[in-house]
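Student: Would you mind keeping the following structure in view while I ask a few things?
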Amino acid sequence: MSCCSGKCGCGSACSCGSGCTGCGKYPDLGILETTTSVSLITGIAPAKAYYVDSEMSYGAENDGCNCGSSCKCGSDCKCVKEIKQIATANKLIEDLRKEIKDMSSTTKLEEDIDALSKEETLDVEWVIVGAEREALRKEVENLETAALDVLYELWKTNPEANFDYLKENKASFLGFCEAQEKQRWLIKTPLPSKSMRCLLLKIQLLSLKTHLINTKSLGLMCQAPVNIPDETFDLKQEETRPCLSYRIEKLPGGEGVLSAFHSWMRDGNPVHRGDVFHTINRLRKLKMNKRALEVMEWVIRERPYRLKELDYSFLLEFTIKIHGISQGEKLFSCLPAEFQNELLYTNLVIACLDKGAIILSLAYMKKMRELNHPMSHLVFNRLIILHSSPRRRKFIPKILSQMRADKVPQHVSTFNILMKIEANEHNIEGLMKVFSDMKRANVEPNEISYCIVATAHAVARLYTVAEVYVEAIEKSMTGNNWSTLDVLIMLYSFLGKEKELERTWQAVQDLPYVRSKSYVLAIEAFGRMGKLDQAEELWLEMKSRKGLNTTEQFNSILSVYCRHGLIKKASEIYREIGKHDCKPNAITYRHLALGCLKANLVDEAVKTLEMGMDLTTSNVVRNSTPWLETTLLIVESFADKGDVGSAEKLFEELIRAKYSRHTFAYNTLIKAYVKAKIYSPDFLKRMILGGARPDAETYSLVKLAEQYRN
C-alpha cells in the first residue's frame, strides 16, 4: 500500500495543502510511475500522439502541471520540465521526418539497382550468346562438309554429269573434286611411313575446312580447289589432330584429363558441348568409363558452357559405372531440382539395369509414373535384353504389355532386339512374325532390321530370300556405315556375288579409317568364295598396315587355308601365332581340325579337337555363326568317312546352339548313317522334335538308309 492510502501519497509530513493530488505513487505497487516518452519511427507510418495505458500522455492545464489551478510547486515543478522535454523531442522528430521526406525514395534506389543488375546480366548473356554462336558455327561447318561430301560422291559416280546448276561455283567445285581424287590416289600409293599418310589426311581436312568457312552457301562456294603441297611437312604436326577425344584417349595412365583440356584451349580451341559429347561417346565405346567420368567432372566444375540435363545425365551414368549405385543415388539427390526430369530418371534406371538391379529399377520406374514422367523405350529395351536368356524369356510378353500400358511409342530398336533374339535361336518363323508385327505397327524398318533378317536367311541357306533383303539393305543405307558394310561383305560371300563383294570392300577402303575387324571379315569372305589370292593379299595388307596383335587376325587366314585343306600353310600360320605374343584359342584348334580332316589326317584331327575342347569357350563364341559353320563342316567330313560316333558327338553342340533347327544340319547327320550303312528307325521323329522340318532330301536319305534295316 502507499503511504497515504491512495489519497495524498506524501506521507504524514505532507505540506502540499488542500490542492495536493498525491505523490504519484500507485496505491498497490508503491513505485513511481514512469513518464519517459518513447518515440518510434517505422517507415513512413504516421506518429502516434499517445501510447496506450499512459496517463501522462495527454495535455493538462497550467502548462502541463498536474497540480491544478492552485499549484504551489514553483519553477522547480517536475511536471513542467518533463512536458518541455517531450515537446523538444517531438520537434526533433518532426525535423527528422522532413529530412527523410526530402531524401530520394527507396523506389528510385531499387530502380537504379535493377538497372545495374540488368547491365551485368546483359554482359553475361552476351558471353553466353557468343559461345552458342560459336557452337552453331561449328554445326554449320559440319553440315557444309557433309553436303560437299555428298556432291563429291555424285561426281565420283558420274564425273561427266551436268553440274551447271552450280552456276559460277561449278569451276571451283570441279577443281575441288579433282584435288580430292588426286589426294585419294596419293593415300593409296605406298608412302615412306604411316605418319605421313595421316598427315596428308589432316592437311586435306584443314584445307577443306578453311574453304568452307569462307563460303556463304552450303559448302558449294569454294573459291579455289584444294591443293596438296608437295613439299616436306613438319613432322611435329603428326601428333596434332583436330579432336579433343583423341587427346584424351592418348593420355598416359596416371595423367588426368586436365592437361588435355589445357593443351586443347592453349591451341585456341574453345570447349564446345559437341566436343564433349563426341568425346563421351568415343570413351563409352572404348569402355574407358573412368576417363569419361573425369571429363564430366571437369565440365561440371569448370562450366565451359551452359550446363543442361544431358551433362548431368552423363555424370550420373559414369558415376554409377565406376562407384556403384549407392553413390549414384546420392549424386542424384544432390542435383538441381530443375534437372531431375525424365531424362535423368531414365538414365538412372538404365544404369541400375546395367548393374543387374532389376527390382531397384522397377521401383524407380514406379516413381516415374507417380511423377507423370514419360517412359522411354530404351528402358524397356534393356529389360528385354536382360530377359533374353532361355530361363527368363517367358517374361518378355509381360514387359511388352507393360510397355503398351505406359503408352510408350513403339520404336524400331525394340523390334530389332526381338528379331535378334529369334535369329539367335535360329527360329526363322518367329523372326518373320516379329518383322510382320513391326510393319503392322507402322514402324519403318531400318538398315539394321534388314541386316538381321538377311543374315538369318543366309545362315539358314535360304539364299533367294536373303538376296531380296540384301537389296533392301542397300536401299536403306544411310551413308557409309562401316558396320553395315561389314555385314554386306559377309552376305555377299554367302550369296557368291564376287563383283558386289569387291565393290563393297572398295567402299570400306574409301572410309577414313579401316578397322582390323573389316580386314578379318573380308579375308574370310574371299576365302569362303575360293578367292585364295585375294584373301592372301588382304592378309599381307593387314599385316603391314595394322600389325598382328590378336589371335582373331591369325584365325581369319587360318580358316581360309583349313577350309581348302592347305594344312602346310595353316601350320606355318599356327607357328607364327606364338611369335607375336598371341595364344591359340578354341577357334584356332577347330579350324586346324577341319584342315586335318580335309587333308585326310583323321587321327591328328581328333587330337586337335580334343585340345580345343579342353580350353574354355564362352557361349557367345559357341553360338556364333563362324563357330557353328566350322563345326558343321567337321560333322560333314566325319559323315563322308562314315564316322557316326564323332559326328554325333559334335552334333550335340549344334543341338545346344539350336543350329540343328535347320534341315540341312540333320541331313548332314543322316549322311553319316548312310555312309556307315546304319539304319535309325526314329530319326525322322528325332528330327521333328528337334525343331527341323524334313524336306525332299531328308526323305530320300531316309529311304536310302532303310535298305540297311536288317
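The values are calculated or read from the model by the stated rules, or taken from the named source; none is laboratory data. Note that this is a predicted model, so its numbers are computed, not measured. Cβ placement follows ideal geometry from the backbone for every residue including glycine, while neighbour counts extend to all protein chains displayed. SASA here: full protein model, heavy atoms, side chains in, ligands and nucleic acids out. Shrake-Rupley method; radii C 1.70, N 1.55, O 1.52, S 1.80 Å.
Student: Given E294, E338, E302, which one is more than 17 Å from the chain's Cα centre (by Cα), closer than 22 Å to C243 by Cβ, of a type in the set (D, E, K, R) and not assigned by the TED database to the domain that holds K420?
Tutor: The conditions single out E302.
Student: Of the conditions (1) open to solvent by less than 40 Å² (accessible area, probe 1.4 Å); (2) in a loop (DSSP other than H, G, I, E, B); (3) modelled with pLDDT of 85 or more, N269 fails just one. Which one is it?
Tutor: All conditions pass for N269, except number (1).
Student: To continue, here is another question. Check whether at least one residue in the range 303-320 is of a type in the set (V, I, T) and surrounded by 16 or more Cβ atoms within 10 Å (Cβ to Cβ), and report yes or no.
Tutor: Yes, the conditions are met somewhere in the range 303-320.
Student: Counting just the residues of the range 436-488 that are within 25 Å of the chain's Cα centre (by Cα) and free of Cβ contacts under 8 Å to residues at least 12 places away in the same chain, which one comes out surrounded by the fewest Cβ atoms within 10 Å (Cβ to Cβ)?
Tutor: Selected residue: G479.
Student: State the number of residues belonging to the range 563-608 that are of a type in the set (G, A, S) and over 19 Å from A525 (Cα atoms).
Tutor: Summing the residues that are of a type in the set (G, A, S) and over 19 Å from A525 (Cα atoms) in the range 563-608 gives 6.
Student: To continue, here is another question. Within the range 348-366, which residues are under 16 Å from T319 (Cβ atoms) and open to solvent by 30 Å² or more (accessible area, probe 1.4 Å)?
Tutor: Once the filter is applied, which keeps residues that are under 16 Å from T319 (Cβ atoms) and open to solvent by 30 Å² or more (accessible area, probe 1.4 Å), the range 348-366 yields D354, K355, L360, Y364.
Student: Exactly one of these conditions fails for N424: (1) open to solvent by 60 Å² or more (accessible area, probe 1.4 Å); (2) under 28 Å from F318 (Cβ atoms). Give me its number.
Tutor: (2)
Student: Would you point out which residue out of L495, L538, L501 is closer than 30 Å to D581 by Cα and over 31 Å from the mean Cα position of the chain (by Cα)?
Tutor: L538 is the lone residue from the list that is closer than 30 Å to D581 by Cα and over 31 Å from the mean Cα position of the chain (by Cα).
Student: Follow-up. Any idea which of P390, P397, P409 is open to solvent by 20 Å² or more (accessible area, probe 1.4 Å), part of a helix (DSSP H, G or I) and closer than 23 Å to S449 by Cα?
Tutor: P397
Student: What pairs can you find where one residue is in the range 383-395 and more than 15 Å from T414 (Cβ to Cβ), the other is open to solvent by 40 Å² or more (accessible area, probe 1.4 Å), and their Cβ atoms are less than 9 Å apart, with a gap of 6+ or different chains?
Tutor: R392/L386
Student: Then there's this: Can you name the condition, by its number, that E552 falls short on among (1) surrounded by fewer than 15 Cβ atoms within 10 Å (Cβ to Cβ); (2) over 22 Å from Y589 (Cα atoms)?
Tutor: With respect to (1) surrounded by fewer than 15 Cβ atoms within 10 Å (Cβ to Cβ); (2) over 22 Å from Y589 (Cα atoms), E552 is out only on (2).
Student: Still on this structure: Any chance you could count how many residues in the range 499-529 are under 18 Å from P626 (Cβ atoms) and either surrounded by fewer than 14 Cβ atoms within 10 Å (Cβ to Cβ) or hydroxyl-bearing (S, T, Y) (or both)?
Tutor: Going through the range 499-529 one residue at a time, the tally reaches 3.
Student: Sticking with this structure for a sec: Can you tell me which residue in the range 272-294 is most open to solvent (accessible area, probe 1.4 Å), limited to those that are hydrophobic (A, V, I, L, M, F, W, C) and in a loop (DSSP other than H, G, I, E, B)?
Tutor: L286
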